[in-house]
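*Asks:* The following block contains the structure, expressed as structure tokens.
The values are calculated or read from the model by the stated rules, or taken from the named source; none is laboratory data. Since this is a predicted model, take the numbers as computed values, not measurements. Reconstructed Cβ throughout: ideal geometry from the backbone, glycine too, with neighbour counts over all protein chains shown. These accessible areas exclude ligands, DNA and RNA; they are computed on the full protein's heavy atoms, side chains included. Shrake-Rupley method; radii C 1.70, N 1.55, O 1.52, S 1.80 Å.
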Amino acid sequence: MKTTVAVKKIRIPEDVAVLEIFGQYDKRARYLKKLFNVEFAVRDSEILIKGMDEKSVDAAHRVLDEIISITRDGHLLDWTEFEYLVERVSNSESVKEVFSNDSRGLIIGKKVKPKTLGQKKYLEAVEKNDVVFVIGPAGTGKTYLAVAVALDYLKMGRVNRIILTRPAVEAGEKLGYLPGDLSEKVEPYLRPLYDAIIDITSPDKFNSYRERGIIEIVPLAYMRGRTLNNSFIILDEAQNTTYQQMKMFLTRLGFNSKAVITGDITQVDIEKEKSGLIECQKILEGISGIEFVYLNESDVVRHPLVKKIIKAYEEYERSRKP
């Protein structure tokens with residue numbers, strides 16, 4: 001009985017090197033060979049893809065075609081981006097637009113840009129709406145991208161200041177019982193926001209902004225009674241707000257201001273039925289100018305193991321539900 005071998009060819013453009021397709025030391029090629037059970041052969045200006053399963057050969061072909069297209073557009077994929085591309089393209093999706101250099105408003109300075117379709121939708125939502133809720137697991141860039149956009153708005157003069165806030169409930173302690181002044185009491189809770197700003201700018205720039213009041217970092221409890229005009233306001237860890245706190249925060253929004261609210265509803269440190277983030281999804285649904293963006297494990301851009309950990313926990317939690 002004769003065995004049928006599926007074969008597909010893909011042309012290598014003159015402006016793309018094989019190294020840019022297969023990666024250094026053919027790392028990407030080895031990954032794709034193992035994943036799809038195919039073989040690659042380079043002949044002149046073509047790549048031949050061979051395998052026993054036509055669907056696998058087609059999938060490998062789509063991946064290479066996408067890599068070539070993105071590379072020709074001027075973007076060199078890092079390993080995390082490559083893994084994301086393989087995952088999405090294997091499911092017959094395209095991610096070209098995520099890495100396109102023509103995406104207006106999606107490249108923040110030269111350092112920060114969307115790495116997944118979910119992140120791209122997130123940034124588009126912030127551009128189009130004054131209030132955006134971003135809900136998703138750890139590692140999806142919720143806080144980091146919010147800070148990046150806020151700094152971009154500040155640099156372009158679209159806002160005059162950035163306000164960063166979080167509910168301080170993680171340790172179950174009231175701020176009044178913690179040592180130090182207000183800044184020292186709050187700092188441990190707001191450290192992730194500090195880290196994001198410093199990573200995008202520099203420690204000196206961050207300190208300069210704080211000293212001049214351009215960046216203000218406050219606990220959520222101290223937001224009551226304020227009206228915030230010409231500001232970019234970020235509420236982080238919003239899953240730990242109560243109904244009253246969320247209502248209070250949302251009504252602080254003034255003229256020419258934007259608010260981004262981030263949270264992970266699978267990591268609620270208060271009674272889940274009291275989470276303001278969970279409740280507001282029903283209350284605010286359908287209001288023009290407000291958008292909810294949902295990220296998932298496919299948008300995780302941390303260490304590859306983080307994605308697997310999130311998926312394992314989700315499966316475990318589903319198995320425990322009655």
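*Asks:* Cα extents of the chain along the three principal axes, largest first, in whole Å?
*Replies:* 78, 51, 40
*Asks:* Based on alpha-carbon atoms only, what is the radius of gyration of the range 233-288 relative to the globular estimate 2.2 N^0.38 Å?
*Replies:* 1.10
*Asks:* If you count only protein heavy atoms with a 1.4 Å probe, what accessible area per residue comes out for the range 187-322, rounded to a whole Å²?
*Replies:* 57 Å²
*Asks:* Cα gyration tensor of the range 1-50, axes a ≥ b ≥ c as square roots of the eigenvalues: rounded (a/c below 1.5), prolate (a/b > b/c) or oblate?
*Replies:* oblate
*Asks:* Sticking with this structure for a sec: Pull out the extension gain between Asp199 and Glu93, defined as 0.36 nm times the separation in residues minus the alpha carbon to alpha carbon distance; nm, one decimal.
*Replies:* 35.0 nm
*Asks:* Got a sec to turn the phi values of the range 159-164 into Karplus ³J(HN,Hα) couplings, 6.51 cos²θ - 1.76 cosθ + 1.60 with θ = phi - 60°, whole Hz, x for Gly and Pro?
*Replies:* 9, 9, 7, 10, 10, 10
*Asks:* So if I place +1 on the C-beta of Lys and Arg and -1 on the C-beta of Asp and Glu, and nothing else carries charge, what would the dipole magnitude of the chain be about its Cα centre? I want it in debye, nearest 20.
*Replies:* I would put it at about 140 debye.
*Asks:* Another question, if that's okay. Quick check on my link table: of Lys142/Lys308; Lys96/Lys142; Lys27/Lys55; Lys128/Lys321; Lys33/Lys115; Lys8/Lys96, which ones sit more than 27 Å apart, alpha carbon to alpha carbon?
*Replies:* Lys128/Lys321
*Asks:* Among the GluC sites (Glu not before Pro) within the range 256-322, which fall in a DSSP loop and have no more than 15 other Cβ atoms within 10 Å of their own Cβ?
*Replies:* For GluC sites (Glu not before Pro) across the range 256-322 that sit outside H, G, I, E and B with at most 15 neighbouring Cβ atoms in 10 Å, the list reads Glu271, Glu285.
*Asks:* Here is a further query. Can you compute the modelled spin-label distance between Asp44 and Val16, with each label point 7 Å from Cα toward Cβ, in nm?
*Replies:* 1.9 nm
*Asks:* Moving to a separate point now. Full-extension gain between Arg72 and Glu54, please, as 0.36 nm times their residue separation minus the C-alpha to C-alpha distance.
*Replies:* 3.8 nm
*Asks:* Could you look at the chain and say what percent of its accessible area is carbon and sulfur, using a 1.4 Å probe and all protein chains?
*Replies:* Summing carbon and sulfur atoms, their accessible area is 49 percent of the total for the chain.
*Asks:* With a Förster radius of 41 Å, plug the Cβ-Cβ distance of Ala221 and Trp79 into 1/(1 + (r/R0)^6) and report the FRET value to the nearest 0.05.
*Replies:* 0.45
*Asks:* Would you grab the residues whose amide H sits under 5 Å from the one on Thr241? Only those 5+ places off in sequence or on another chain, please, with H modelled 1.01 Å from N.
*Replies:* For Thr241, the qualifying residues are Gly276, Leu277.
*Asks:* Asn296 versus Glu315, label points 7 Å from Cα toward the beta carbon: distance in nm?
*Replies:* So the label points at Asn296 and Glu315 sit 1.5 nm apart.
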